[in-house]
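Input: a single structure, listed below in structure tokens.
The values are calculated or read from the model by the stated rules, or taken from the named source; none is laboratory data. These numbers were taken from a predicted model, which means no experiment stands behind them. Don't worry about glycine lacking a Cβ; one is built from the backbone with ideal geometry, like all the others, and counts go over all protein chains shown.
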Amino acid sequence: MDGLTLTDVSPVRPDEEMNWASLEVWLKQNIPDLSGDMQVAQFHGGHANLTYCLSFEDRDLVVRRPPLGNIAPGAHDMAREYRVLNGLAPHFDQAPKVYGFCDDNSVIGASFITMERCQGVIIRDRLPAQFEASPTLARDVSFALVDALVALQSVDVDLVGFGNRKRAEQFVERQLEGWAKRWSLVSEGLRDQAFDRVYKILSETRPETKRVSVVHNDPKLDNCLFNPKDPRRVEVILDWDMTTLGDPLIEIGTLLGYWKQADDSFDRAPTIGLDMADFPSRSEIADYYCAKAGISENLAWYEAFALWKHAVVLQQLYRRFERGESQDQRMATLPDYIPALIEGARALLESSPQG
């Protein structure tokens, strides 16, 4: 892969420094064949979990830990991510290798996982120059992401060793209830009639789960590493801390919720700065997914749920910023986007036969 790596690293943000001496001791005691002094840098692309590059004499590692401050129940679960990656390793080659998990908060102040530093190209605010020029590049990477999701959903859930099939059958119901509870936590008791109205419609029109699969829960272009010589291939999917067993249609709904179009009346993914004017439309993504998965489904409910859930995520990120738990200035304006997300979810539900 010509030495191309996950993404460029930068110095660690001043408020996100850790006890590096303690971490170095732990890594050398628990990861074989590490030598030389440890050098530290940080990956700055994400908005939540803190991700660091630890460079040794002839080897780089990645350490991931939850964000600073108060954590919503069940969120940023490093133990879950470790179990998931261990379970997927024999069955899915588009997940990174994980080397260790530490739940001793005395090391760096939180639990963390250690994994390989993967190689490839990540897409954030533009199509990177590392890709070979191609008039179909935007479509290639889009459909490659869908291909990777379909491949993940084809993994035998009885072999991966995590999750519970019976609980997975109530996954959609639990998602609805869980995100509503998170909203009540991060909105600090303020009532929002529009949010509550969408929650009511979602609950009343909740579709039946027809199949259970592995669900990554955060599928998007910047959670993928692509092969620069063949962008029709996702080399590695990143960020597995929300992965579980559940309804695979939630997964494609989440992707559609993130997917922007030039004719959108609101910004459905303000944390994603990519200009997607030349990318496939949402209907093309949905049709391609259904064809690859061999299904025929109306995905409007799942897309509406994704927009409604994303409103909670933005409010959650903003509260961390407001409490001073993050100095990331990108979070300061996130509440401005929330009303339109909720309204977009309502409009989808009311215009759909399901709604």
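Listed here are the residues, each with its yes/no results for (1) over 30 Å from F43 (Cα atoms); (2) without any contact (Cβ under 8 Å) to a residue 24 or more places away in the chain; (3) touching a Lys or Arg at 6+ places or on another chain (Cβ under 8 Å).
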residue	(1), (2), (3)
D158	yes, yes, yes
R167	yes, no, yes
S187	no, no, no
E208	yes, yes, no
K220	no, no, no
V234	no, no, no
I237	no, no, no
T244	no, no, yes
I250	no, no, no
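If the condition is being at pLDDT 90 or above and crowded, with 16+ Cβ neighbours inside 10 Å, then the stretch 67-79 contributes only M78.
For the stretch 248-300, which positions are among the polar types (S, T, N, Q) and out of contact with any Ser or Thr (no Cβ under 7 Å at 6 or more places or on another chain)? Scanning the stretch 248-300 gives T254, S265, T271, S281, S283, S296.
Considering only residues that are aromatic (F, W, Y) and either without any contact (Cβ under 8 Å) to a residue 40 or more places away in the chain or not assigned by TED's automatic domain parsing to the domain that holds L256 (or both), which ones fall in the stretch 319-355?
At the first step, the residues of the stretch 319-355 found to be aromatic (F, W, Y) are 321, 337.
Of everything in the stretch 319-355, just one residue is aromatic (F, W, Y) and either without any contact (Cβ under 8 Å) to a residue 40 or more places away in the chain or not assigned by TED's automatic domain parsing to the domain that holds L256 (or both), namely F321.
For the stretch 230-247, the condition of being in contact with a Ser or Thr (Cβ under 6 Å, 6 or more places away or on another chain) and buried (at least 20 other Cβ atoms within 10 Å of the Cβ) holds for at least one residue. Taking the criterion of being at pLDDT below 90 and in contact with a helix residue (DSSP H, G or I) (Cβ under 9 Å, 6 or more places away or on another chain), the residues of the stretch 161-185 that qualify are G163, L185.
Is one or more of the residues making up the stretch 187-205 buried (at least 21 other Cβ atoms within 10 Å of the Cβ), in contact with a Cys (Cβ under 9 Å, 6 or more places away or on another chain) and of a type outside the set (F, W, Y)? No: the stretch 187-205 contains no residue that is buried (at least 21 other Cβ atoms within 10 Å of the Cβ), in contact with a Cys (Cβ under 9 Å, 6 or more places away or on another chain) and of a type outside the set (F, W, Y). Return a yes/no flag: does the stretch 309-316 have any residue that is in contact with a Cys (Cβ under 8 Å, 6 or more places away or on another chain), touching a residue at least 40 places away in the same chain (Cβ under 8 Å) and closer than 22 Å to V172 by Cα. No: the stretch 309-316 contains no residue that is in contact with a Cys (Cβ under 8 Å, 6 or more places away or on another chain), touching a residue at least 40 places away in the same chain (Cβ under 8 Å) and closer than 22 Å to V172 by Cα.
When the stretch 243-270 is filtered for residues that are aliphatic (A, V, I, L, M), closer than 18 Å to V150 by Cα and touching a Gly at 6+ places or on another chain (Cβ under 9 Å), only L245 remains. Yes or no: V141 under 25 Å from Y288 (Cβ atoms), buried (at least 20 other Cβ atoms within 10 Å of the Cβ) and touching a helix residue (DSSP H, G or I) at 6+ places or on another chain (Cβ under 7 Å)? Yes.
Taken together, the residues in the stretch 222-257 that are within 22 Å of P135 (Cβ to Cβ) and assigned to a loop (DSSP other than H, G, I, E, B) amount to 7. All told, D147 meets the bar of being acidic (D, E), surrounded by fewer than 20 Cβ atoms within 10 Å (Cβ to Cβ) and under 18 Å from the mean Cα position of the chain (by Cα). The set of residues in the stretch 304-355 being in contact with a His (Cβ under 8 Å, 6 or more places away or on another chain), farther than 20 Å from I250 by Cβ and not in a loop (DSSP other than H, G, I, E, B) consists of L317, R330, M331. Residues in the stretch 134-168 that are of a type in the set (V, I, T) and closer than 23 Å to A79 by Cβ: V155, V157, V160.
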